[in-house]
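Scroll down for the structure; my scribbles are underneath it.
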Amino acid sequence: MAGFKTHLTVSTIMGLGYGGAAYWFYEVAPPTCVLAGGLCAVSGMLPDVDSDSGRPLRESIAFAAAVVPMMLVDRLSKFNLATETIVLAGAFAYLIIRFGISAFVRKVTVHRGMFHSLPAAVIFGEIAFLLASGEDINLRYYKAGGVVLGYVSHLLLDEIYSIQMHRGRMRLKSSFGTGMKVFGHQFLPNLVAYALLALFTMIAIKEPGWMRGVYQRHQQYAAQRASEANEIGSGSDQQGTLLEALKTEFGDPTSWVK
């Protein structure tokens with residue numbers, strides 16, 4: 001089985017290639033390439049969040065807790081929320097990831113379970129797609145692809161390390177097939193994994209249309225409120241002009257006997 005440093009090194013190299021290829025061949029903006037490459041590098045640790053050592057979980061949770069709130073800023077800002085509200089939402093997301101999700105994963109997972117599977121790779125890619133923002137949906141696919149690539153590199157490396165040569169003959173370790181699997185040995189983890197896959201697939205398909213509708217309704221509501229505010233302001237100006245004229249007229253005692 002490949003070690004932590006090996007997984008991280010391979011996924012980082014693949015991330016550099018993934019980001020560099022997009023920049024060189026498709027002229028993707030450098031910040032986007034760096035982010036996608038970084039996601040690929042970190043995703044090489046994700047299958048081992050159920051590891052008994054706990055190091056991949058600590059590193060992955062720390063990265064997610066730092067990056068996810070920043071990825072939500074663009075979405076929240078489109079609703080014209082106050083800066084303080086966005087900061088509080090980011091802090092809440094950090095606490096949920098740092099303590100809630102971390103404790104949940106430690107409690108319910110076993111090493112080499114369904115985290116080491118192709119459905120899990122797709123699920124994490126869909127989560128990355130949902131967290132990514134921007135008008136260009138292809139760039140969101142690109143960022144999500146970085147997560148899937150890094151994740152699958154871990155699974156593939158585990159399978160490669162499960163093959164050994166002994167006295168000139170190839171020998172398969174007992175761990176062979178536990179990485180690039182589609183189904184596990186237990187019914188309940190399989191059910192949960194495929195239920196989550198179906199759920200996130202449906203959300204990922206529907207989300208672009210949903211969010212466009214939400215943004216449009218928000219913009220229409222904001223425009224309506226602005227129009228009402230302008231009308232109120234215009235009426236106030238007219239009332240103010242009339243009051244000033246009355247004050248001028250009746251404030252001068254000589255005007256009373258005209």
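The values are calculated or read from the model by the stated rules, or taken from the named source; none is laboratory data. If you're wondering where the values come from, they're calculated on a predicted model, not measured in any experiment. Every residue, glycine among them, receives a Cβ derived from its backbone with ideal geometry; neighbour counts consider all protein chains shown.
Every condition in (1) among the hydrophobic types (A, V, I, L, M, F, W, C); (2) modelled with pLDDT of 95 or more; (3) in contact with a Ser or Thr (Cβ under 7 Å, 6 or more places away or on another chain) is met by residue 115 except one, and the failing one is (2). Every test in (1) modelled with pLDDT of 95 or more; (2) more than 22 Å from residue 119 (Cβ to Cβ) is passed by residue 35 save one, and that test is (1).
Would you mind stating whether residue 66 is over 16 Å from residue 115 (Cβ atoms) and either loosely packed, with under 14 Cβ neighbours inside 10 Å or without any contact (Cβ under 8 Å) to a residue 40 or more places away in the chain (or both)? So residue 66 passes the test. With respect to residue 216, determine if the residue is farther than 29 Å from residue 125 by Cα and either part of a helix (DSSP H, G or I) or basic (Lys, Arg) (or both). Criteria not met by residue 216. Can you name every residue in region 25-52 that is in contact with a Leu (Cβ under 9 Å, 6 or more places away or on another chain), farther than 26 Å from residue 91 by Cβ and assigned to a loop (DSSP other than H, G, I, E, B)? Scanning region 25-52 gives 28, 29, 44, 51.
Within region 167-202, the set of residues being part of a loop (DSSP other than H, G, I, E, B) and at pLDDT 70 or above comprises 179, 180, 182, 183, 184, 185, 186. Of the set (1) more than 26 Å from residue 189 (Cα to Cα); (2) in contact with a helix residue (DSSP H, G or I) (Cβ under 7 Å, 6 or more places away or on another chain), all apply to residue 123 but (1).
Does residue 22 meet the test of being in a helix (DSSP H, G or I), in contact with a Lys or Arg (Cβ under 6 Å, 6 or more places away or on another chain) and in contact (Cβ under 8 Å) with a residue 24 or more places away in the chain? Answer is no for this residue. Of the listed requirements (1) without any contact (Cβ under 8 Å) to a residue 60 or more places away in the chain; (2) farther than 30 Å from residue 108 by Cβ; (3) over 19 Å from the mean Cα position of the chain (by Cα), residue 77 misses just one: (3). Residues that are within 25 Å of residue 79 (Cβ to Cβ), aromatic (Phe, Trp, Tyr) and surrounded by 21 or more Cβ atoms within 10 Å (Cβ to Cβ) within region 100-141 comprise just one, 129. Among the residues of region 19-49, the ones that are out of contact with any helix residue (DSSP H, G or I) (no Cβ under 6 Å at 6 or more places or on another chain), under 13 Å from residue 150 (Cβ atoms) and of a type in the set (Ser, Thr, Tyr) come to 0 in all. Residue selection: residue 155 satisfies the criterion of being at pLDDT below 95 and surrounded by 19 or more Cβ atoms within 10 Å (Cβ to Cβ).
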